[in-house]
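Take a look at the structure below.
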Amino acid sequence: MKSALRRRRLIFSVAALGVTAVLPACGGGGDGGGFVPLIPNLVQSAQGKPELSVFVEAVNAADLSATLQGSGPYTVFAPTNEAFTALLGELGVTKDALLANKPLLTTVLRYHVLSGAVRKADIPLGKAIVPLSGGFFKVEAEGSALKMTDGRNRVTSVISTDGAALNGVIHTVDRVLLPANQDIVQTAQSTPSLSILVEAVVAAGLVDTLKGPGPYTVFAPTDNAFVALLAELGVTKDALLADTALLTTVLTYHVLPARVLKAEIPLNTPILTVQGQSIVIDSSLQIIDQRGRSSGVAATDIFNSNGVVHVIDKVLLPS
């Protein structure tokens, strides 16, 4: 009889917990004896992880604690303490200076937060992911591991996933993500193998366009690609750069009026360019232009503040 009574009390207690989802706080804690959730929110979950103590400091300094304790749901890619230490060295600042720079801190932290709860299995691999701050980054699988590429083309590893919280999910990362700080033109200017493309963009008067908000996708021919084009057309570089009409037609044929990452390319389908004619990209990432010429893609997914650049080994030509 006593055993049966104990079982009934246990069942009643478990059922009560399931209904209330909270327990009265014990003792005289600083919360005034309120209710403590059985499942912590995102901030409380981070507070319970010693390796995320600097992240918690940063969230408080940026006044984002209330947001991340709100109803959400949110997904947080939380950098470890070691990740923040590495960032301080990279930026050449102290922790106090970083925490005091609220505009920068807020932008950086919001770049780690997504609207909605996105568990590991639901991450859109290879595609552009837009955080609360704007901009974008991507996540890709390398075997069983996940790697992230931020707006400055820095690579970060995801070291733990699917940390449950009342209002979302936490994934832990080993590097602080940073949003893009260069537009398409600046990226090309900082890439030695794209120097002729930069000259051509300037000569065609397209600098302001490609520094605009976009977003754009640019298939950027290398210097070797331009040298081969000069031989193919039988012209000098000076003559090509002086023919503004031709140059503008050719260059705008390399631009898409949208951001298209490698994983988002519609294969074997005509893709309309800013110039007005289309290109086709096959499953081997060979680009076929309107003259039936084929160009290989030497590098993909170089991120910028206003789009993405793919480097190609042949200049594309419209009909």
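For Ser71, the criteria (1) of a type in the set (Ser, Thr, Tyr); (2) farther than 19 Å from Arg175 by Cα; (3) surrounded by 14 or more Cβ atoms within 10 Å (Cβ to Cβ) hold in every case but one, which is (3).
Condition first: touching a Phe, Trp or Tyr at 6+ places or on another chain (Cβ under 7 Å), under 30 Å from Lys120 (Cα atoms) and either aromatic (Phe, Trp, Tyr) or surrounded by 15 or more Cβ atoms within 10 Å (Cβ to Cβ) (or both). Can you find one or more residues in the stretch 155-163 that meet it? Checking the stretch 155-163: not a single residue is touching a Phe, Trp or Tyr at 6+ places or on another chain (Cβ under 7 Å), under 30 Å from Lys120 (Cα atoms) and either aromatic (Phe, Trp, Tyr) or surrounded by 15 or more Cβ atoms within 10 Å (Cβ to Cβ) (or both).
Kindly indicate whether any position in the stretch 94-107 is within 15 Å of Thr172 (Cβ to Cβ) and surrounded by 13 or more Cβ atoms within 10 Å (Cβ to Cβ). The answer is no; no qualifying residue exists.
From the list Phe77, Phe35, the one residue that fits, being touching a strand residue (DSSP E or B) at 6+ places or on another chain (Cβ under 8 Å), surrounded by 12 or more Cβ atoms within 10 Å (Cβ to Cβ) and at pLDDT 95 or above, is Phe77.
Does Ser284 qualify as being farther than 28 Å from Ala180 by Cα and of a type in the set (Ser, Thr, Tyr)?
Values: farther than 28 Å from Ala180 by Cα: yes; of a type in the set (Ser, Thr, Tyr): yes.
In short, yes.
Residue count for the stretch 104-140, restricted to those that are among the hydrophobic types (A, V, I, L, M, F, W, C), touching a strand residue (DSSP E or B) at 6+ places or on another chain (Cβ under 7 Å) and outside any strand (DSSP E or B): 7.
Assigned by TED's automatic domain parsing to the domain that holds Val280 and touching a strand residue (DSSP E or B) at 6+ places or on another chain (Cβ under 7 Å): is that true of Val255 in this structure? Yes. The set of residues in the stretch 171-220 that are more than 13 Å from Ile302 (Cα to Cα), surrounded by fewer than 21 Cβ atoms within 10 Å (Cβ to Cβ) and hydroxyl-bearing (Ser, Thr, Tyr) comprises Ser193, Ser195, Thr209. Here Lys95, Lys147 are screened, and the one residue that is more than 16 Å from the chain's Cα centre (by Cα) and either assigned by TED's automatic domain parsing to the domain that holds Ala78 or not aliphatic (A, V, I, L, M) (or both) is Lys95. Number of residues in the stretch 281-297 that are surrounded by fewer than 17 Cβ atoms within 10 Å (Cβ to Cβ) and either out of contact with any Leu (no Cβ under 9 Å at 6 or more places or on another chain) or of a type in the set (Val, Ile, Thr) (or both): the value is 4.
The values are calculated or read from the model by the stated rules, or taken from the named source; none is laboratory data. Keep in mind that this is a model prediction, so the values were computed, not measured. All Cβ positions, glycine included, derive from the backbone under ideal geometry; neighbour counts span all protein chains shown.
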